[in-house]
Amino acid sequence: MNHSTKYVFVTGGVTSSLGKGIISASLAKLLQTRGFRVTIQKLDPYINVDPGTLNPYEHGECYVTDDGAETDLDLGHYERFLNVPTSQANNITTGRIYQSVINKERKGEYLGKTVQIIPHITDEIKRCIHILGSKSDFDFVITEIGGTVGDIESLPYIEAVRQMKWEKPNDVLVVHLTLIPYLSAAGELKTKPTQHSVKQLLEFGVQPDILVCRTEHELTPAVRTKVARFCNVAANAVIQSIDAETIYDVPILMLEEKFDEVVLEKLGIKSKKKPDLKKWINFLERYKNPNHTVRIGLVGKYVELKDSYKSIAEAFNHAGAANEVKVEIEWLHSENINERNVADYLKDLDGVLVAPGFGSRGIDGKIETIKFARENNIPFFGICLGMQCAVIEFARNVLNMPEAHSTEIKEYTPYPVISLMAEQKSITNLGGTMRLGSYPCKLKKESHAAKAYGQEMIEERHRHRFEFNNDYLAQYEAAGMVATGMNPESNLVEIVELKGHPWFVGAQFHPEYKSTVDKPHPLFVAFVKAAKKKAISKEAK
Ligand code: GLN
């Protein structure tokens, strides 16, 4: 039914961080479980072409799609909720919009016209929204507009929404997410900020159809009526979004508020099917009723900002539910760990994960962590740089190559056990130039990886420049570190494991990007299972 794709826009008012991504994903989930085909898109108002070159401290994790797009972390939520892959088309930035308009201008495609924000930038924005509607057969495209209404940066996006609403009045709906603060001194919920932010939208010509109100306290009927009256929305279109214990409760809360019903009613769609959230509720029950707790150290250099490791933390939530355990993450800063204190940090943990990353900061702490986990049989999971550090540690401490390193950190090491891929050597630009996106991998039978996946061929997503150096592979395997996953075409090492260790797995790819509520990632599930075994054996002692 692509001729009648419906477009739902989600804007934000009053403050940032109200959770537009989770609200968008929750609405999408409800519509999906009613049998509709739904996708979610994020429009980011910054000038970077993509978040790939952004420091995680700026914007949290960079999420990578199958097609190799480096995107905003909200796309991770979309995939975790919907279990449907996203692509480059699902994340557009102002930088990308301008880049494509300027490229067209240089090619003369505007036929000598003055190139302006309206119509050229807004047309390009609309093109990027329509791509998802017309090129695929989605029933709904939910488009989340980054930033807060009133920001200078987001004006062209709001203008594009205004135009689309005008052009397709029956197919476009605007949901505005706003805040109803509670003033404890007055003991009251306050609607004025919401009124103001709706006024601001109106100034730009956009009347929201539905208001989702973030609140710490239940909205009284009087507050709902007041919001409806002042903001020109129907009373049933004031949706309460109360603080939840977990983001995974939000679809259930939105169902109770009949958010999906109101959306369908406003768009004139009849749906015979009610949302079927059986699987989701089953996950929530497991997630909220763990039988054990496992403590896993997450060693990285951005741990002050937990959003830097968003997908990893969520993959642990999924894998914890699958194992009926609560995964408690100990956030450990790799720069603080050294030879003297490593035992203090790790001795009571049931597992350690060494995180992905770039550059030299914190590398020594990661290597010390891995040495301790290897020697003390602590379940270990290394991801990307974490896997590379495991390879370096093994060279230094087992293979007798004292200065072994990655050429990323030490270009002229005598033992370049991790080195640059040939095709990366001539590249000088930083944006979008890594080995990105999905690649196949063949697993070795009987390995931890093969047991976890239960299949021989897998596909996983990548984001890196450096690789295991195959010149050393024979030495590694002879000493007990084996390559249990290889790219069948290029022979690049994708997974290493340690023989004789309870669970020691390093992956060059990023499994965390593919973990969803419906499909917890097999490697995370197996890692948490190994940690659970350790936790239970400790309890027995
Ligand atoms: N810095 C390493 C590389 O580029 C690892 C990257 C990562 O951990 N994502 O190969």
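List of remarks:
- Kirkwood Rh and Cα Rg combined as Rg/Rh, the range 43-120: 1.08
- Within the chain, percent of DSSP bridges classed antiparallel, to nearest 5: 30 percent
- Members of Lys20/Lys270; Lys410/Lys514; Lys279/Lys519; Lys20/Lys310 lying beyond 21 Å, as alpha-carbon distances in this model show: Lys20/Lys270; Lys410/Lys514
- Summarising the overall dimensions of the range 229-328 from its C-alpha atoms, the Rg and Dmax are 18.2, 51 angstrom.
- Extended-chain gain in nm, criterion 0.36 nm per residue less alpha-carbon gap, Glu256 and Asp518: 92.2 nm
- Reference-scaled alpha-carbon Rg (2.2 N^0.38 Å with N residues) for the chain: 1.04
- Mean projected area in nm² (Cα convex hull; one quarter of hull surface) for the range 162-305: 13.3 nm²
- Average Cα contact separation per residue, the chain, under 8 Å, 6 or more apart, as relative contact order %: 15 percent
- D by Stokes-Einstein for the range 3-55, Kirkwood Rh over Cα pairs, 37 °C, 0.692 mPa s: 246 µm²/s.
- Cα shape, the range 146-217, gyration tensor, a/c 1.5 rule: prolate
- Count of lysine pairs in the range 72-220 with Cα separation under 29 Å (8 or more residues apart, or interchain): 21
- Peptides 392-405, 409-422, ordered by how many other C-beta atoms sit within 10 Å of their residues on average, highest first, read 392-405, 409-422.
- Relative intensity, log₁₀ I(q)/I(0), of the range 172-250 from a Debye sum that treats every alpha carbon as a point, q = 0.13, 0.18, 0.26 Å⁻¹: -0.38, -0.71, -1.28
- Accessible-area composition of the chain, carbon plus sulfur, in percent [1.4 Å probe]: 50 percent
- Computed label-point distance, nm, for sites Asp348 and Met421 using a 7 Å Cα→Cβ extension: 4.2 nm
- Probe 1.4 Å, accessible area per residue of the chain, Å²: 42 Å²
- In this structure, Ala479 and Lys278 have a Cβ-Cβ separation that, at R0 = 60 Å, corresponds to a calculated FRET efficiency of about 0.75.
- Virtual paramagnetic centre 7 Å along Cα→Cβ of Tyr182, amide N under 19 Å, in the range 236-267: 239-247, 249-250, 253-254, 257
- The calculated Kirkwood hydrodynamic radius for the range 86-237 is 17.5 Å, given to one decimal from all distinct C-alpha pairs.
- Order of exposure, largest accessible area first, which applies to Glu79, Glu261, Glu218 with probe 1.4 Å: Glu218, Glu261, Glu79
- Spacing of the modelled spin labels on Glu411 and Thr15, each 7 Å from Cα toward Cβ, amounts to 4.7 nm.
- Theoretical FRET efficiency, 1/(1+(r/R0)^6), r = Cβ-Cβ of Ile117 and Gln455, R0 51 Å, to 0.05: 0.50
The values are calculated or read from the model by the stated rules, or taken from the named source; none is laboratory data. Computed from a predicted structure; not experimentally measured. Every residue, glycine among them, receives a Cβ derived from its backbone with ideal geometry; neighbour counts consider all protein chains shown. Accessible surface is based on the protein model in full, side chains and every heavy atom, while ligands, DNA and RNA are left aside. Shrake-Rupley method; radii C 1.70, N 1.55, O 1.52, S 1.80 Å.
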